[in-house]
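Before any comments, here is the structure.
The values are calculated or read from the model by the stated rules, or taken from the named source; none is laboratory data. Nothing here was measured: the structure is a model prediction, and the numbers come from that model. Positions of Cβ are backbone-derived with ideal geometry, glycine not excepted, and every protein chain shown enters the neighbour counts.
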């Protein structure tokens, strides 16, 4: 039965709660979740999935939130997640991270986005940590509303252990992803593409931007 205040069914509320708890999930998993919640045949759920979540996205619009679907470059899978439509990249990270941790992410993000080569292969953890000692963000050098110099400098005061713990948390939350091999290169995670789509397209080097415009 639909809730008269939100026009969402119990099934839609349950789906939204699960999606927000996850942050993002593969679209295949989201469709399976929908089928389970609605006690529906998976084939039928696959056909009606968009019609099911579109009203949820409309309801979230009143909260400046949305549901976004992107194709992630690393595994070519579609992912779905709830995103914040307002505020800059720092605001979208601010729910769980301190200003210093946000600044660390921004510096690592800029290191990954340095050129097409670093976008494709990622950056190793040592390079990422070294960059946090001195590097200003692209926002500061280009005037696009990036983090302040004071916040960037505060990253250098974090201990190596604090920085490593923050990088692990960013990977766990999907903002970054780390390769399983010995090198352990860091790349942009699913949540970064979901939440920071516009920022990434604006800041990306030429070849990466052309690729992402087709995918996102």
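Looking only at residues in the stretch 194-216 that are without any contact (Cβ under 8 Å) to a residue 12 or more places away in the chain and over 23 Å from residue 19 (Cα atoms), the one that is surrounded by the most Cβ atoms within 10 Å (Cβ to Cβ) is 209. The single residue among 21, 35 that is assigned to a helix (DSSP H, G or I), in contact with a helix residue (DSSP H, G or I) (Cβ under 7 Å, 6 or more places away or on another chain) and not assigned by TED's automatic domain parsing to the domain that holds residue 177 turns out to be 35.
Kindly indicate whether any position in the stretch 95-102 is in contact (Cβ under 8 Å) with a residue 24 or more places away in the chain, more than 20 Å from residue 198 (Cβ to Cβ), under 19 Å from the mean Cα position of the chain (by Cα) and outside the structural domain of residue 158 (by TED's automatic domain parsing). No, there is no match, as no residue in the stretch 95-102 is in contact (Cβ under 8 Å) with a residue 24 or more places away in the chain, more than 20 Å from residue 198 (Cβ to Cβ), under 19 Å from the mean Cα position of the chain (by Cα) and outside the structural domain of residue 158 (by TED's automatic domain parsing).
Return a yes/no flag: does the stretch 150-167 have any residue that is part of a helix (DSSP H, G or I), assigned by TED's automatic domain parsing to the domain that holds residue 114, farther than 20 Å from residue 127 by Cα and modelled with pLDDT under 90. Yes: one or more hits. Restricting the stretch 168-182 to residues that are assigned to a helix (DSSP H, G or I) and in contact with a strand residue (DSSP E or B) (Cβ under 8 Å, 6 or more places away or on another chain) leaves a set whose member that is surrounded by the fewest Cβ atoms within 10 Å (Cβ to Cβ) is 171.
In the stretch 104-116, the residues that are outside the structural domain of residue 128 (by TED's automatic domain parsing) and free of Cβ contacts under 8 Å to residues at least 40 places away in the same chain form no Cβ pair under 8 Å with any partner that is surrounded by 24 or more Cβ atoms within 10 Å (Cβ to Cβ) and part of a helix (DSSP H, G or I), whether six or more places apart or across chains. Looking at 206, 182, just one residue is in the same structural domain as residue 125 (by TED's automatic domain parsing), more than 24 Å from residue 27 (Cβ to Cβ) and modelled with pLDDT under 90, and that residue is 182.
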